[in-house]
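See structure below.
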Protein chains: 2
Amino acid sequence: MKKVSVGVDIGGTNTAIGVVDEAGRVIAKNSIPTPGHGDIEKYMDDLAAAIRKLLNSADEIFTVLGIGVGAPNGNYYQGTIEYAPNLSFKGVVPVVELLKKRFPELDYLALTNDANAAAIGEMIYGGAKGMKNFVMYTLGTGVGSGLVVNGDLVYGHDGFAGECGHTTLIPDGRLCGCGSKGHLEAYCSAPGMKRTAFELLAKYNASDSLLATKSFSELDSKAIYDAAEQGDKVALEVFELTGKYLGQGLADTVHHLSPEAIFLFGGPTAAGDYIFKPTKESMEEHLLPIFKDKIAILPSELDCGDAAIVGASALVYKEIEK
Amino acid sequence: MKKVSVGVDIGGTNTAIGVVDEAGRVIAKNSIPTPGHGDIEKYMDDLAAAIRKLLNSADEIFTVLGIGVGAPNGNYYQGTIEYAPNLSFKGVVPVVELLKKRFPELDYLALTNDANAAAIGEMIYGGAKGMKNFVMYTLGTGVGSGLVVNGDLVYGHDGFAGECGHTTLIPDGRLCGCGSKGHLEAYCSAPGMKRTAFELLAKYNASDSLLATKSFSELDSKAIYDAAEQGDKVALEVFELTGKYLGQGLADTVHHLSPEAIFLFGGPTAAGDYIFKPTKESMEEHLLPIFKDKIAILPSELDCGDAAIVGASALVYKEIEK
């Protein structure tokens, strides 16, 4: 029988579920709404039903190794989601315990946050196979990170390590979504790129820019990329600056952990050299001589669309390893 | 027989040697000059002779568990010192291999950099006993750091991890000794505090400050402390600002690793609350809500004078553990 693990990605609106084979391929997937009502028992019943339905829908019978869950503010040690601002569940939700009740036959159930799950996905199925020390940065609405040291994810003393999006790049800089100022996320997330674009439009009074016709609500990182492709100076400078900011942050991470490689994941990385080149240059500029020209910055090999469930499913293999 | 390990601290001018018991007490110590001539074989002969002499000088006969060495640019994986700017030995020096030739009877020989050795010392003998996730910052002429994750020191993929003194606090800020700009070390080392004092003297034209009578070459962190004790406004603000800078850097480290505690070691920490209080306040201000009021900032429990050899000797216990 084919061995599979189940990956669950709990987002603010939807919960995606995937059955993933040992090579990291999604065999079947589905999703249910993440409820706005906060009734956790009902939601877990729905989730369990959806998982069983998905497993039974395939033509073949699987050996199910376990279930991995990725969720915002996911605490690996406790198997809980804690005070997640974008979910309707209040306080501390014991997701793994509630799932275990519904799947008593499974030995391996685990939960962590989205970026940690992506890092484990990269390690189990992707470009970080065989690497013992690497870092994953996920660039999207926010900036997440997963740190791997000596082959294991860094969870810290409380299960919440790896929040590199909230390191400070610029003292008293831009307001971050978390309430602090100058954090990396406020510059290097997709909304951060938009903010940079608007700063540059204002700075240059650039009414001839292709970006000048979009409102603050409309502009996204895809539009900035399209404009850059057409040689738009403002758009090109957005990528230069985003790379400069990100490279500074990555250098801080290197000075902490000296990883073999840093993987970048998420929408903005589709811009390829526009973002990778200035990021690499800026990182190198900030590094101590002993680290220069040693650390690769690589695009994630996980499929952007499925990465969250694939990453979550990979958690199961790390549990089996232990 | 009493079990001991030998700690060796290779500095730019002197090499300190200590025989350390299982409680971290220095039973006997000695030192030899670190030569300016770069003849490594001769130096290793002298070092081996000094170690044997020290072991034989005591009234009792010891069971010697091993030798641990702390050195600038020490690479744990390779047992080498690599391109250390302040030592006369050029290129890559295989210290552990050369020491092993002179002590074939010892099973446990290891080397790392000074700050990593201090972190291991704190873990084996000091305030970090029983902690699995903590960080050590050493404040002195430079700023070093040692990171402990899941009970093990973080060496990274190349053996050089833990250079948090070279994270960037202020983009395009003060010139750092390494050639980059705005690094933590340029603000939070003892010379960094002096630079802050001189900036403030200039800013306030503070000829009435107790610090106004000292030249740039004369002023040190002890004098700043003494002036603060007498209520000198400039000196007090130096501590406020140093804490503000350091707290920002510590928050970056917390966002990476979520340690249980951060230990501070070195001359400037003797100022107690003058430095700990603003550091704590600044760190908290920069942290995500999930980390607030959770991470202790503690003074190292290692004796400042002997910490380097005590830390180095502790390496031996980590080797035995493996």
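Filtering the stretch B:133-143 to residues that are in a loop (DSSP other than H, G, I, E, B) and either free of Cβ contacts under 8 Å to residues at least 40 places away in the same chain or more than 7 Å from every other protein chain (Cβ to nearest Cβ) (or both) leaves B:GLY140, B:THR141, B:GLY142.
Are any residues in the stretch B:155-169 in contact (Cβ under 8 Å) with a residue 24 or more places away in the chain and part of a loop (DSSP other than H, G, I, E, B), and if so, which ones? Listed by number, the residues that qualify are B:TYR155, B:ASP158, B:GLY159, B:PHE160, B:GLY162, B:THR167, B:LEU169.
If you check B:ASP45, B:ASP59 for being of a type in the set (D, E, K, R), assigned to a loop (DSSP other than H, G, I, E, B) and assigned by TED's automatic domain parsing to the domain that holds B:VAL93, only one passes: B:ASP59. Of all residues in the stretch B:144-181, those being farther than 29 Å from A:ASN150 by Cβ, within 9 Å of chain A (Cβ to nearest Cβ) and small (Gly, Ala, Ser) number 1. Of all residues in the stretch A:287-322, exactly one satisfies the criterion of being crowded, with 19+ Cβ neighbours inside 10 Å and among the acidic types (Asp, Glu), namely A:ASP306.
Against the numbered list (1) touching a residue at least 12 places away in the same chain (Cβ under 8 Å); (2) surrounded by fewer than 21 Cβ atoms within 10 Å (Cβ to Cβ), B:LEU111 comes up short only at (2). Of A:LEU54, A:LEU99, A:LEU106, all but one fail to be surrounded by 15 or more Cβ atoms within 10 Å (Cβ to Cβ) and assigned to a loop (DSSP other than H, G, I, E, B); the exception is A:LEU106. For the stretch A:177-185, the criterion of a residue being within 30 Å of A:ILE81 (Cβ to Cβ), in contact with a Phe, Trp or Tyr (Cβ under 9 Å, 6 or more places away or on another chain) and in the same structural domain as A:TYR274 (by TED's automatic domain parsing) is satisfied by at least one position. Scanning the stretch B:13-53 for residues that are touching an Asp or Glu at 6+ places or on another chain (Cβ under 7 Å) and either more than 15 Å from B:SER313 (Cβ to Cβ) or charged (D, E, K, R) (or both) yields a count of 1.
The one condition from (1) within 22 Å of A:THR167 (Cβ to Cβ); (2) at pLDDT below 95; (3) among the β-branched types (Val, Ile, Thr) that B:THR279 does not meet is (2).
Restricting attention to the stretch B:245-288, and to residues there that are part of a loop (DSSP other than H, G, I, E, B) and more than 7 Å from every other protein chain (Cβ to nearest Cβ), which single residue is nearest to B:VAL143 (Cα to Cα)?
The qualifying residue nearest to B:VAL143 (Cα to Cα) is B:GLY266.
Just one of the numbered conditions (1) closer than 25 Å to A:GLY243 by Cα; (2) in a strand (DSSP E or B) is not true of A:LEU111: (1). Looking across the stretch B:300-317, just one residue is closer than 11 Å to B:GLY18 by Cβ, touching a strand residue (DSSP E or B) at 6+ places or on another chain (Cβ under 6 Å) and assigned to a loop (DSSP other than H, G, I, E, B), and that is B:ASP306.
For the condition polar (S, T, N, Q) and closer than 30 Å to A:ALA117 by Cα, A:THR213 does not qualify. Of all the residues that make up the stretch A:264-290, how many are in contact with an Asp or Glu (Cβ under 6 Å, 6 or more places away or on another chain) and polar (S, T, N, Q)? Residues that pass the stated criteria total 0.
If you check B:ASP39, B:ASP45, which single one turns out to be surrounded by fewer than 17 Cβ atoms within 10 Å (Cβ to Cβ), farther than 28 Å from B:SER145 by Cβ and free of Cβ contacts under 8 Å to residues at least 12 places away in the same chain?
Result of the check over B:ASP39, B:ASP45: B:ASP39.
I need the full set of residues from the stretch A:1-28 which are farther than 14 Å from A:ILE124 by Cβ and more than 19 Å from the chain's Cα centre (by Cα), in order please. Listed by number, the residues that qualify are A:MET1, A:LYS2, A:VAL19, A:ILE27, A:ALA28. Determine whether the stretch A:62-71 contains at least one residue that is at pLDDT below 95, buried (at least 20 other Cβ atoms within 10 Å of the Cβ) and hydrophobic (A, V, I, L, M, F, W, C). Yes, the conditions are met somewhere in the stretch A:62-71.
The values are calculated or read from the model by the stated rules, or taken from the named source; none is laboratory data. Keep in mind that what you see is a predicted model, and the values were worked out from it rather than measured. Glycine gets a Cβ as well: all are built from the backbone with ideal geometry, and neighbour counts include every protein chain shown.
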